[in-house]
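Student: The structure is given below, and queries will be raised subsequently.
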Amino acid sequence: MPAIAAALCAAVLGLAALLGGARAQQLSPGYYDASCPHVHDTVRRVIQEARTADPRILASLLRLHFHDCFVNGCDGSLLLDETPTMRSEKAADANVGSARGFPVVDDIKATLEHACPGVVSCADILALAAEISVELAGGPYWRVMLGRRDGMAANFDGAQNLPSPTDPLDDLTQKFADLGLDDTDFVALQGAHTIGRAQCQTIQDRLYNFSGTGQADPTLDPAYLAALRRRCPAAAAGGDGTGLNDLDPATPDTFDNSYYANIRCNRGLLRSDQAMLSAPEEGAESTAPIVERFANSQAQFFQSFVTAMIKMGNIAPLTGSMGEVRRSCRVVN
């Protein structure tokens, strides 16, 4: 019986992968060329305006696309608000109090609805916003595959299983592998942490009680540890965990490969960052060489990041007559 169950599970996963791949083949960079030809320029203009008031918005929009695609596939389900019969993914532990940028997505959607009513999906808005945000921060450009449609329901339980910065490295790589993303994709997508901020609460255990030892994470550079402790005092000393820290202290608002150089110097902010190099007991022997390669070559990082973003954007998209194109990204039609 266990063997039969395992075979059935493998068959179901294989079918899902085939269906997801077939749907991804229906996506095209030119999907809106006739129906909404200025979609890219419109999204870019709104993001540029938002960036003037909020320099953090580029990292926030990139993160929204990631958190959307890892739950139900890239279907815009993250954007749905809570209803009496549906829990929103926004309320999941990985999103509540930290996922941000929703009003900017609303502005993009409203602008596109004025120009091309009922044409551009919220899922595609997230994909375009992610690429444009990377490009505006100095990162690579790629042609975004388009043609996704929007899901009809959120998946709160799925969002509760999003990759977490406190997950062991081998758990993280497995979560990526489950969605068809290999170790190179994983390390490259982690490089999105070259821009953005993280709250003190995400690193509090690394600073004061790593693995329940009552000590700091021994892999942290001592000078970096001292600086972080000044920014993030312990709860007993009045720290509330809401302070912000640059994910990349060297070039916090520039999309480059200094994130990997930081890790090489034991200055990875999140446990999940540093573990890629410093946790051999959790599988770092497969990720450490990739970290080193990206630290040495920004071109290789950019190339791998683009490949990984396209693969991630192809996770189980709704196409054809599946789903809908929402008029508001917050509610189903």
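The values are calculated or read from the model by the stated rules, or taken from the named source; none is laboratory data. Bear in mind the structure is a predicted one, so any value in this text is a computation, not a measurement. Counting neighbours? That spans all protein chains shown, and the Cβs are built from the backbone with ideal geometry, glycine included. All accessible areas refer to the heavy atoms of the entire protein, side chains included, with ligands and DNA or RNA removed. Shrake-Rupley method; radii C 1.70, N 1.55, O 1.52, S 1.80 Å.
Student: Using +1 on the beta carbon of Lys and Arg, -1 on that of Asp and Glu, and nothing else charged, what's the dipole of the chain about the Cα centre, debye to 20?
Tutor: With only Lys, Arg, Asp and Glu charged at Cβ, the dipole is about 500 debye.
Student: If you wrap a convex hull around the Cα atoms of region 153-223, how much volume per residue is inside, in Å³?
Tutor: 147 Å³
Student: Karplus couplings for region 94-111 from phi (6.51 cos²θ - 1.76 cosθ + 1.60, θ = phi - 60°), rounded to Hz, Gly and Pro as x?
Tutor: Taking θ as phi minus 60°, the curve returns 6, 10, 5, x, 9, 5, 8, x, 4, x, 5, 4, 4, 5, 4, 4, 4, 5 Hz for region 94-111.
Student: Oh, and also: Full-extension gain between Ser98 and Arg45, please, as 0.36 nm times their residue separation minus the C-alpha to C-alpha distance.
Tutor: Stretched out fully, the Ser98 to Arg45 stretch lengthens by 16.6 nm.
Student: Run down the aspartates and glutamates and flag those whose C-alpha is under 16 Å from the C-alpha of Lys109, throwing out any fewer than 8 positions away in its chain.
Tutor: Asp41, Glu49, Asp75, Asp81, Asp124, Asp150, Glu324
Student: Provide the per residue accessible area, probe 1.4 Å, for the chain, rounded to a whole number of square angstrom.
Tutor: 44 Å²
Student: Work out, step by step, the length gained on full extension between Ala115 and Met86: first 0.36 nm times the residue separation, then minus their alpha carbon distance; give nm to one decimal.
Tutor: Length gained, Ala115 through Met86: 7.4 nm.
Student: Please report the carbon-and-sulfur percent of the accessible area for the chain; probe 1.4 Å, protein heavy atoms only, DNA, RNA and ligands left out.
Tutor: 56 percent
Student: Which entry is the computed mean projected area of the Cα convex hull in nm² for this structure: (1) 15.6; (2) 18.5; (3) 14.7?
Tutor: Matching the structure shown: (2).
Student: If you don't mind, another one. Between Thr307 and Thr254, 0.36 nm times their residue separation minus their Cα-Cα distance comes to what?
Tutor: Here the answer is 17.1 nm.
Student: Determine by what factor the alpha-carbon radius of gyration of region 43-111 differs from 2.2 N^0.38 Å, reporting the quotient.
Tutor: Rg over 2.2 N^0.38 Å, computed on Cα atoms: 1.13.
Student: Same structure again: Counting other C-beta atoms within 10 Å, and keeping those with at most 16, which DSSP coil GluC sites (Glu not before Pro) do you find in region 30-115?
Tutor: Of the GluC sites (Glu not before Pro), the ones in loops of region 30-115 whose Cβ has at most 16 other Cβ atoms within 10 Å are Glu82.
Student: Give the cross-link partners of Lys175 among the lysines, using a straight C-alpha distance below 17 Å as the criterion and excluding same-chain residues fewer than 8 apart.
Tutor: Lys311
Student: List every residue whose amide H lies under 5 Å from the amide H of Met86, counting only residues 5 or more places away in sequence or on a different chain, with H placed 1.01 Å from N in the peptide plane.
Tutor: none
Student: From the backbone phi of region 27-38, what are the Karplus-calculated ³J(HN,Hα) couplings (6.51 cos²θ - 1.76 cosθ + 1.60, θ = phi - 60°) in whole Hz, Gly and Pro given as x?
Tutor: Values per residue, Gly and Pro as x: 6, 8, x, x, 4, 9, 4, 8, 7, 7, x, 9 Hz.
Student: Same structure again: Apply 1/(1 + (r/R0)^6) to the Cβ-Cβ distance of Glu292 and Asp33, taking R0 = 35 Å, and write down the FRET efficiency to the nearest 0.05.
Tutor: 0.25
Student: Hey, another quick one. Using only the Cα atoms of region 249-333, what do you get for the radius of gyration and for Dmax, in Å?
Tutor: Cα-based Rg and Dmax for region 249-333 come out at 17.9, 50 Å.
Student: Starting from the amide H of Tyr31, placed 1.01 Å from N in the peptide plane, find each other amide H under 5 Å away whose residue is 5 or more places distant or on another chain.
Tutor: Leu146
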